Each structure stands twice: as structure tokens, then as C-alpha cells.
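Peer 1: Here it is, the structure in full.
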């Protein structure tokens, strides 16, 4: 079994793909302001904005996790990182800043 299929078995959303929605409005006090529609805008912390930006309609959750693991200076458990990314994706879905890409 190769590494990708092992990851997918233990992390069921590893191969899911999302596309960002919304309009970037700017930066306020270190947060990135993104509007979901004309009435709702959200302040995204830099890490959340980074994940939102990687949701390009082609990059899998697994690739986002691997990208973060390569760019984080401290040692972090892959399961912890995966769970954090999935939590952030779920919150962005809730506020209509992401959509799931059908596979």
C-alpha cells in the first residue's frame, strides 16, 4: 500500500477538493477580510486565509496538509494537522467561503 492510500484510509477526507468563494477586500489588523456576499464579510486569520487560498478547485485536502507540514517550522503530528485543516475547511464551508468540488 503506498503512502497516499494509507493516508486516505486513515484520513477519509484526504482526497477531497474544495474551491474558494468570496471576494478579498483587504487586510485589517493582521486579518484578511473576505466577503461571502454583499452583506457578510469575515476576518480570516493568516493561517485560515492561507488554507482558503490553497482551495483552488484542484488541490486536495491531503496536499494542503502536506504543504503546511513542509512550511511549518516546528514539528507537528500529521493527524493533528489534518484535523485542524478539516476543521478550518468545515468552518469556511459553514460561512459559504468554500464549496466542495464533486469528484
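Every number here is computed from the coordinates shown, using simple stated rules; none is lab data. These figures come from a predicted structure and were not determined experimentally. A quick note on method: Cβ atoms are made from the backbone with ideal geometry, for glycine too, and the neighbour counts reach across all protein chains shown.
Peer 1: Is it possible to state the helix-based mean residue ellipticity at 222 nm for the chain, with each DSSP H run of 4+ residues giving -39500 (n - 2.57), the sum divided by total residues, to the nearest 500 deg cm²/dmol? What is it?
Peer 2: Estimated from H runs of four or more residues: -13500 deg cm²/dmol.
Peer 1: With 23 Å as the cut-off, how large is the P(r) tail for the chain, expressed as percent of Cα-Cα pairs?
Peer 2: 27 percent
Peer 1: If you bin every alpha carbon distance in segment 13-52 into 5 Å steps from zero, what whole percent lands in each bin?
Peer 2: Using 5 Å bins, I get a P(r) of 6, 23, 29, 21, 11, 7, 3 for segment 13-52.
Peer 1: Counting other beta carbons within 10 Å of each residue's own, what order do 86, 61, 95 fall into, fewest first?
Peer 2: 95, 86, 61
Peer 1: Starting from the Cα gyration tensor of segment 47-103, take the square roots of the eigenvalues, sort them a ≥ b ≥ c, and report rounded, prolate or oblate (rounded when a/c is under 1.5, otherwise prolate if a/b is larger than b/c, else oblate).
Peer 2: prolate
Peer 1: Here's another thing I want to ask about it. Compute the helix-to-body angle for 78-94: its Cα long axis versus the longest principal axis of the chain, expressed 0 to 90° and rounded to tens.
Peer 2: 30 degrees
Peer 1: Return a whole-number percent for the relative contact order of the chain, with Cα pairs under 8 Å and 6 or more residues apart as the contact set.
Peer 2: 34 percent
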